[in-house]
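Novice: Structure incoming, see below.
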Amino acid sequence: MKHWMIVLAAIALLFLHERLCATKFWFLGGTLPLAGMGALGYQLAIAKIHFPAQLTIAYAVFFAVTIVLWIVGRHAYRQKELNRMRAKDMN
């Protein structure tokens, strides 16, 4: 049951991240990658956790997914703004 709650929380965070990336305020979408970097920095510097290959791969996938979602969200926002400007020019 605990694993399902973690999966649901991760899906909810990624959905929120995607929605925040597609807004006017681009920096809101950057909060999740920054939180991940903070967690990584904490584990490296303060907790001094030994990083097995599984944890390294998990962080790499996390950063790749969040950065790709951020880029996709920014592109969607720009396209929406371009369409809005084109509609204004037509009138």
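The values are calculated or read from the model by the stated rules, or taken from the named source; none is laboratory data. Note that the coordinates shown come from a computational prediction; the quantities given were computed from them, not determined experimentally. No Cβ is skipped: glycine too gets one built from the backbone with ideal geometry, and neighbour counts run over all protein chains shown. Keep in mind that these areas ignore ligands, DNA and RNA; they rest on the heavy atoms of the full protein, side chains included. Shrake-Rupley method; radii C 1.70, N 1.55, O 1.52, S 1.80 Å.
Novice: From Lys24, Lys48, grab the single residue that is without any contact (Cβ under 8 Å) to a residue 40 or more places away in the chain and open to solvent by 70 Å² or more (accessible area, probe 1.4 Å).
Specialist: Going through Lys24, Lys48 in turn, just one is without any contact (Cβ under 8 Å) to a residue 40 or more places away in the chain and open to solvent by 70 Å² or more (accessible area, probe 1.4 Å): Lys48.
Novice: Among the residues of the stretch 27-37, which ones are free of Cβ contacts under 8 Å to residues at least 40 places away in the same chain and under 27 Å from Thr56 (Cβ atoms)? Lay out the reasoning, then the answer.
Specialist: Pass one, the stretch 27-37, residues free of Cβ contacts under 8 Å to residues at least 40 places away in the same chain: 27-28, 31-37.
Of everything in the stretch 27-37, those that are free of Cβ contacts under 8 Å to residues at least 40 places away in the same chain and under 27 Å from Thr56 (Cβ atoms) turn out to be Thr31, Leu32, Pro33, Leu34, Ala35, Gly36, Met37.
Novice: Suppose we filter the stretch 73-86 for residues that are open to solvent by 80 Å² or more (accessible area, probe 1.4 Å) and in contact (Cβ under 8 Å) with a residue 40 or more places away in the chain; how many remain? Before the answer, list the steps.
Specialist: Taking the stretch 73-86 first, the residues open to solvent by 80 Å² or more (accessible area, probe 1.4 Å) are 75, 78, 80, 83-86.
Then keep just the ones that are in contact (Cβ under 8 Å) with a residue 40 or more places away in the chain; that gives 80.
Of the residues in that region, 1 qualify.
Novice: What are the residues in the stretch 52-62 that are surrounded by 15 or more Cβ atoms within 10 Å (Cβ to Cβ) and farther than 16 Å from Phe15 by Cβ, if any? Spell out how you get there, then give the answer.
Specialist: Initial filter on the stretch 52-62 (surrounded by 15 or more Cβ atoms within 10 Å (Cβ to Cβ)): 59, 62.
Answer for the stretch 52-62, where residues must be surrounded by 15 or more Cβ atoms within 10 Å (Cβ to Cβ) and farther than 16 Å from Phe15 by Cβ: just Tyr59.
Novice: Residues in the stretch 1-21 that are open to solvent by 70 Å² or more (accessible area, probe 1.4 Å) and either touching a helix residue (DSSP H, G or I) at 6+ places or on another chain (Cβ under 7 Å) or part of a loop (DSSP other than H, G, I, E, B) (or both): how many?
Specialist: Of the residues in that region, 2 qualify.
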